[in-house]
Amino acid sequence: MPDFNSFNFSGHKALVRVDFNVPLDADFNITDDTRMRAAVPTIQKIRKDGGSVILMSHLGRPKSGPEDKFSLRHLVPHLAQLLGCPVKFATDCIGEPAISAASSLKAGGVLLLENLRFHPEETKGDEDFAGQLSSLGDVYVNDAFGTAHRAHASTAIIAGFYPADRKMFGLLMDAEIKNADKVLHQAEQPFTAILGGAKVSDKILIIENLMERVQHLIIGGGMAYTFLKAQGKEIGASLCEEDKLDVAKEILEKAAKKNIGLLLPVDSVIADKFAADAQTKQVNNDHIPAGWMGLDIGEQSIAEFSRTILASKTILWNGPMGVFEMKPFQNGTKAIAEAVAKATKAGSFSLVGGGDSVAAVNQFGLEKEVSYVSTGGGAMLEYFEGKELPGIAAIDQ
């Protein structure tokens, strides 16, 4: 596999898989362009060399062919602004519209293809569809870490149509892998993983893999209440996966045997309903009243978690501490983000990944105060579970 930085793209048409699956409001304005900005260095390096760039991506989950709300044409003006150059748009990603637009592309030009998922063959990993895409460019660059865990036509199957010296990772993909490997395989100790989010079931595999590596495991968010109930505590109407209580007990026992400091919240901000205007109070987690639900970690938990974070040399954060989208329940997630930023400033290495964690550091203006913010939610999770990602394996082979 060639090194992207040393490859000269002069005279080449580079077909680049990017992850432009960005959120849009009702008027098709981009509400978070993180993933688009992350792809800019790769695009500009190809253009600077004198190559042309053909970008392909998905957007959303269209169910039955083209839907205007999922059209990538909505991204063209902002992409042109980010790149400082015109961006051509093809009304399809294969067939005559794509072929004619790609063939007329001049050196330094940029073309964005229509949504890959308007064709069901994309998610099915169809070989013929991948072949049609590959005909558009003579070099393939995968820069879409966010979709690397999918064996889709544009992320895995397509690589088989290119010789080893004409397929490579882009700058973003390379950075994602290097930073993830730094945490997984070269972590300076003490290493602390902070896991939040709603469900234990979503995090079982990552917990098991990380328990071979971490000294401290902090568990917050909705998933914490399954662990608390497994300890015999009254959790009121808090979120709980009843069928995962035994799994939670096993994790607690395994952590104790391995001498891992597994920290659960000792107090919560509770509410009488799941709403921003709910009545709230702060209580000890030994007994949450019936009908009340924990929606954020409390002050004592913040203090305990922060102490552990500040004493760590490597920090991985995946998942919020509460329902931070609602102001009454954002304090825990904000405080943890600030603790991670403070530890980073003091010399620790911190990696933040997973959609909600990334949204949180962005919301609180701390994205530049941590070592690395991953663009891959599910992909990062699966990488830390120890799984082989098809989009990475296809280039490495």
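Things worth noting here:
- Residue check, residue 343 in contact with a helix residue (DSSP H, G or I) (Cβ under 8 Å, 6 or more places away or on another chain) and in a helix (DSSP H, G or I): yes
- Among residues of segment 25-51 that are among the small types (Gly, Ala, Ser), those with a Cβ under 6 angstrom from a residue that is surrounded by fewer than 18 Cβ atoms within 10 Å (Cβ to Cβ), sequence gap 6+ or separate chain, pair up as 50/10; 50/107.
- If the condition is being assigned to a helix (DSSP H, G or I) and either crowded, with 20+ Cβ neighbours inside 10 Å or among the aliphatic types (A, V, I, L, M) (or both), then segment 20-46 contributes 35, 36, 38, 39, 40, 42, 43, 46.
- Residues of segment 365-375 satisfying the condition of being crowded, with 22+ Cβ neighbours inside 10 Å and not hydroxyl-bearing (Ser, Thr, Tyr): 370
- Answer from 348, 357 - the residue that is in the same structural domain as residue 214 (by TED's automatic domain parsing), small (Gly, Ala, Ser) and closer than 25 Å to residue 150 by Cβ: 357
Here's the yes/no breakdown for (1) out of contact with any strand residue (DSSP E or B) (no Cβ under 7 Å at 6 or more places or on another chain); (2) within 22 Å of residue 206 (Cβ to Cβ); (3) surrounded by 17 or more Cβ atoms within 10 Å (Cβ to Cβ); (4) at pLDDT below 95:
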position: 300; (1), (2), (3), (4): no, no, no, no
position: 348; (1), (2), (3), (4): no, yes, yes, no
position: 377; (1), (2), (3), (4): yes, yes, yes, yes
position: 385; (1), (2), (3), (4): yes, yes, no, yes
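- In segment 263-283, the residue that is surrounded by the fewest Cβ atoms within 10 Å (Cβ to Cβ) out of those that are of a type in the set (A, V, I, L, M, F, W, C) and in a strand (DSSP E or B) is 283.
- Residue within segment 76-86 that is crowded, with 19+ Cβ neighbours inside 10 Å and either in contact (Cβ under 8 Å) with a residue 40 or more places away in the chain or not assigned by TED's automatic domain parsing to the domain that holds residue 145 (or both) present: yes
- Among residues of segment 236-262, those that are over 18 Å from residue 196 (Cα atoms), part of a helix (DSSP H, G or I) and of a type outside the set (Asp, Glu), counted: 3
The values are calculated or read from the model by the stated rules, or taken from the named source; none is laboratory data. Every value quoted in this text rests on a predicted model; they were computed, and no experiment measured them. As a convention, Cβ positions derive from the backbone with ideal geometry for all residues, glycine included, and neighbour counts pool all protein chains shown.
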